[in-house]
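In what follows, a single structure is set out as structure tokens and then discussed.
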Amino acid sequence: MQNGATNFGHSAFPVFDEKIAAKMPTYRHMTKEDRRHVYLPSDDTFLLLDAIHSDFKYTFTLDIRRIVEVGTGSGVVATSLAILFPDADVTAVDINPFALDFARRTAKENNTTVSVISSDLLANIPGPIDMLVFNPPYVPDPFDLSQELTEDNALDFALVGGPQGRSVIDRFIPEAAQALSEHGTLYLIAIEANGVDELCHMMEGHGFDAVVMVRREFDVETLVIIRAVLKPAE
Ligand SMILES: C[S@@+](CC[C@H](N)C(=O)[O-])C[C@H]1O[C@@H](n2cnc3c(N)ncnc32)[C@H](O)[C@@H]1O
């Protein structure tokens, strides 16, 4: 069986397995050198994983065949999805080649199968996608996002989202709306400074029903997780 986990994804009588739902992939292979170029799993990563895991009682009953994590960084989230959904095809994308290498190693270390692909958002990823996950660069900062990604600025590309932190998110939303399958679900992280109400409103304009499913205050920022599904066509 793929990924070595219990095969309940498409069985006639799926059984919810707490142990699988709670399993956190290892990333202990991350060295100090890796951390110079690859985003270290942090509060936002863990909040996102918790949200996905808390929804799993529902999502594991769905027919989820194709999952894409955009901006995979360490690959921990994509690997966790491959563990949770052993019958699904899980793809991890990033623009950072160091992250792509590391994400491949993370999947391997955890005995999972994840396709790791270099792509600017969903440019190289055809739809339809049943589950889309993105912990984007959301920090407001005037850093020039049009410059080339190098060894030295790879972490800026992981963190910085341009003015209001929305440049990457705003490019992503219309692509996500195009790529998601009819019953697909999007999990997206943002911070209050991104203008969450306005962001949800913009998502509605692209055909989503968007709700803030988690809001958590940390020392430096308030993180939210937005869960969005496409509204049924009228
Ligand atoms: C905040 S980090 C999240 C990493 C990981 N998913 C996590 O939760 O720990 C954002 C990631 O998005 C990637 N990224 C930034 N812009 C991107 C783009 N246009 N297309 C794909 N990935 C992008 C960065 O290289 C970085 O790995």
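Mind checking the full-extension length gain between Y58 and E148? Use 0.36 nm per residue of separation minus the Cα-Cα distance, one decimal, nm.
On the way: separation 90, 0.36 × 90 = 32.40 nm, distance 4.09 nm.
Value of the extension gain: 28.3 nm.
In percent, how large is the relative contact order of the chain, given Cα pairs closer than 8 Å and 6 or more residues apart?
Once divided by the residue count of the chain, the mean separation gives 18 percent.
Considering amide H positions built from the backbone, and no H for Pro or chain starts, which residues 5 or more places from I125, or on another chain, come under 5 Å of its amide H?
Long-range HN contacts for I125: none found.
Around V224, what is the net charge, scoring Lys/Arg as +1 and Asp/Glu as -1 over all other residues with Cβ under 14 Å from its Cβ? Walk me through the numbers before you get to the answer.
Working: positive: R166, R215, R216, R227; negative: D43, D44, D50, E192, D197, E198, E217, E221.
Neighbour charge sum, excluding V224 itself: -4.
Please list, ordered by chain and number, the residues whose modelled amide H lies under 5 Å from the amide H of S74; skip anything fewer than 5 residues away on the same chain.
Here the answer is Y39, since their amide H atoms fall under 5 Å of that of S74.
Quick one: length gained pulling D50 to T113 fully straight, 0.36 nm per residue minus the C-alpha distance? Before the final figure, lay out each step's value.
On the way: separation 63, 0.36 × 63 = 22.68 nm, distance 2.12 nm.
This chain segment gains 20.6 nm when fully extended.
How large is ³J(HN,Hα) for each residue in the stretch 123-134, as worked out from phi by the Karplus curve 6.51 cos²θ - 1.76 cosθ + 1.60 (θ = phi - 60°), to whole Hz, x for Gly and Pro?
Karplus-based 3J(HN,Hα) across the stretch 123-134 equals 3, 9, 10, x, x, x, 10, 8, 9, 10, 9, 8 Hz.
Work out how much length K231 to R104 would gain on full extension: take 0.36 nm times their residue separation and subtract the Cα-Cα distance, in nm to one decimal.
Using 0.36 nm per residue and subtracting the Cα-Cα distance, I get 42.3 nm.
With an 8 Å cut-off on Cα pairs and a minimum separation of 6 or more residues, tell me the relative contact order of the stretch 104-234 in percent.
23
How far apart, in nm, are two points set 7 Å out from the Cα along the Cα-to-Cβ line at L40 and at R216?
Label at L40, label at R216, 1.8 nm between them.
Hey, quick one: spin label on H183, modelled 7 Å out along Cα-Cβ, who in the stretch 40-62 has an amide N within reach, i.e. under 20 Å?
What the label zone holds, given the 20 Å backbone N cut-off, is 52-62.
Highest mean first, how do 74-80, 131-137, 110-116 rank when packing is the count of other Cβ atoms within 10 Å averaged over residues?
Highest to lowest by the protection proxy: 74-80, 131-137, 110-116.
Rg to Rh for the chain: what is it, with Cα atoms only and Rh by Kirkwood?
Details: Rg = 16.8 Å, Rh = 17.8 Å.
Looking at the chain, the ratio lands at 0.94.
Read the figures in this text as sums done on the coordinates, not as results from a lab. Please read all numbers here as calculations on a predicted model, not as lab measurements. Neighbour counts are summed over all protein chains in view; Cβ atoms, including those assigned to glycine, are modelled from backbone coordinates with ideal geometry.
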